[in-house]
1. Skipping prolines and chain starts, which residues have an amide H placed within reach, meaning under 5 Å, of the one on S245, given they are 5 or more residues away or on another chain?
2. Residue farthest toward the positive end of the dipole of segment 3-480, with Cβ of Lys/Arg at +1 and Asp/Glu at -1: which of A202, G38, T341?
3. First measure r as the distance between the Cβ atoms of K10 and F209, then evaluate 1/(1 + (r/R0)^6) with R0 = 35 Å and state the FRET efficiency to the nearest 0.05.
4. Kirkwood hydrodynamic radius (Cα pairs, Å) of segment 3-480?
5. At most 16 other Cβ atoms within 10 Å plus a DSSP loop assignment makes a site exposed; report the longest stretch of the chain without any exposed chymotrypsin sites (Phe, Trp or Tyr not before Pro).
6. Students often forget the sequence filter, so: which aspartates and glutamates lie under 17 Å Cα-Cα from K84 once same-chain residues fewer than 8 apart are removed?
7. Let me spell out the model: positive unit charges on the Cβ of Lys and Arg, negative unit charges on the Cβ of Asp and Glu, origin at the Cα centre of the chain. What dipole size does that give, in debye rounded to 20?
8. Which whole-Hz ³J(HN,Hα) couplings does segment 114-129 yield from phi under the Karplus relation 6.51 cos²θ - 1.76 cosθ + 1.60, θ = phi - 60°, glycine and proline marked x?
Amino acid sequence: MSTHNVWTHKGTFLLAAVGSAVGLGNLWRFPYLTGENGGGAFILVYALTIFAVGIPILIAETMLGRASRRSPIMGMRFLARTHKTSRAWESIGWLGGASAFLILSFYSVIAGWAIHYTWQMFTGSLVGADAQTVSDGFDALLASPALLTLYHTLFIIASGLIVGLGIHKGIESSLRILMPALFLILLGVLAYGFVNGDFAAAASFLFTFNLAELSLEGWLQAMGQSFFTLSLGMGAIMAYGAYMSDQASLTRTAFAVAFVDTAVAMVAGLAIFSLVFGAGLDAGSGPGLMFISLPLAFAEMPFGALIGGVFFILVLGAAISSSISLIEPVAAFLVERFDLTRPQAVFGMVLASWALGLLTVSSFNIWAETGLFHDLFGRSAFDFIELLTNIFMPLGGMLIALFAGWALTHSEVMKEMRTSETWFQVWRFLVRFVAPAAVAFVFLRTLPQVHGYLIPAIGALVIVGAFAAGRTFLVEKSQEQ
Ligand code: PHE
């Protein structure tokens, strides 16, 4: 047994997992994707995926973490050995580590934009500004490598400091203050939107389900978003799961995380669209929804500067409670594998991710239209990195589902899940068949986007390989019995 830490309380894993799940995905990505995809129908598919695919994988990923009580890479190595399965399953850990490092690199740059807007709001620079001024302001921010780098650096240092302090003094204590504050602010912004915005229009936009309106692309985006928002398939949940108390219920915790995460996305959507519609603006403005439309709406409303500033603090807090969960799996691995001290490990991880983030910074200005990544992959470095994570996360999730579904024995799973035979059967069916099939479907979206054939070919091979491996377990098991 390794000398792993455990969270202070039975419920701390829930707090940490909610902190990881609730982030830019809920406040920034979810509203703009919903806006681009026409509202309610998108949400319906998103919610279905959360329940049919997200929750089963969330249970599986937490289970692998708690069963191994190690960081994702060492944990999968351990589980592969103790289950006499191929060492190739260790790739779950490596994929997770790679995704964490890649996501952190751009997540920190985008969270940095929120630092800029917090400042702009509190100083009242945007009060009364017109549409042109606000959108020029956003363009000017993106055009400045120096400003973007400054904010990116500040954000990543803050995240690193928290993780560097350790899971108790750093992660737990900051989440204990941060999360309740975030929920209060969110409710405050909702109330503000209700009073000052067009709440009825927002509600009907979000909750009118007309499936026919949704394109295939929209379906696939909704599934991708459900992975991203639950932090699935990349080791964050596994790393936190390694510290989870044996007393906590996997099923109940997973449902609670998914419920809170979805509720936050809905409330954020209601608040943001109330304000945006109230100001007579368009829902489908893409990634600029939060950074152009929303500041514009605040510019015209009573106390807009103050509430706007508080709103961007919320964005920052939610982003930092997620970014720390991106650092933890890699830092924990470096500590376990190379005997580094925690501060050394965090420093190494954060420095490398920071440097990679400079590529994202350059993607909005000096290398927006040209440069190596455009020559090689026909897209900016930021788009390329995001695409890679869009492949790695579902792939990791699929492998996690397959491993938990096929390699773990009935009694092991029951020891972790302590649940009824019926729910066990339902869960196992979902992780064995439904989740892998759904992920294969998500790949239909990502693979054709890739310039050249190399990555699709590797992706297809890995999917086929994963299914083959799954089958082998099935055959081996039936021979054992
Ligand atoms: N779930 C986070 C969000 O919604 C993003 C994230 C993904 C965090 C993967 C950790 C791991 O913003």
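1. Here the answer is W7, F13, since their amide H atoms fall under 5 Å of that of S245.
2. Of the options given, the answer is T341.
3. 0.40
4. Numbers: mean 1/r = 0.0443 Å⁻¹.
Mean inverse Cα-Cα distance, inverted, gives 22.6 Å.
5. Here the longest segment lacking exposed loop sites spans 1-208.
6. E412, E476, E480
7. So the magnitude is around 1740 debye.
8. Calculated HN-Hα couplings, in order: 5, 4, 4, 6, 4, 4, 4, 5, 4, 7, x, 4, 9, 4, x, 5 Hz.
Bear in mind that the values in this text are calculations on the coordinates, not laboratory data. Please read all numbers here as calculations on a predicted model, not as lab measurements. Every residue, glycine among them, receives a Cβ derived from its backbone with ideal geometry; neighbour counts consider all protein chains shown.
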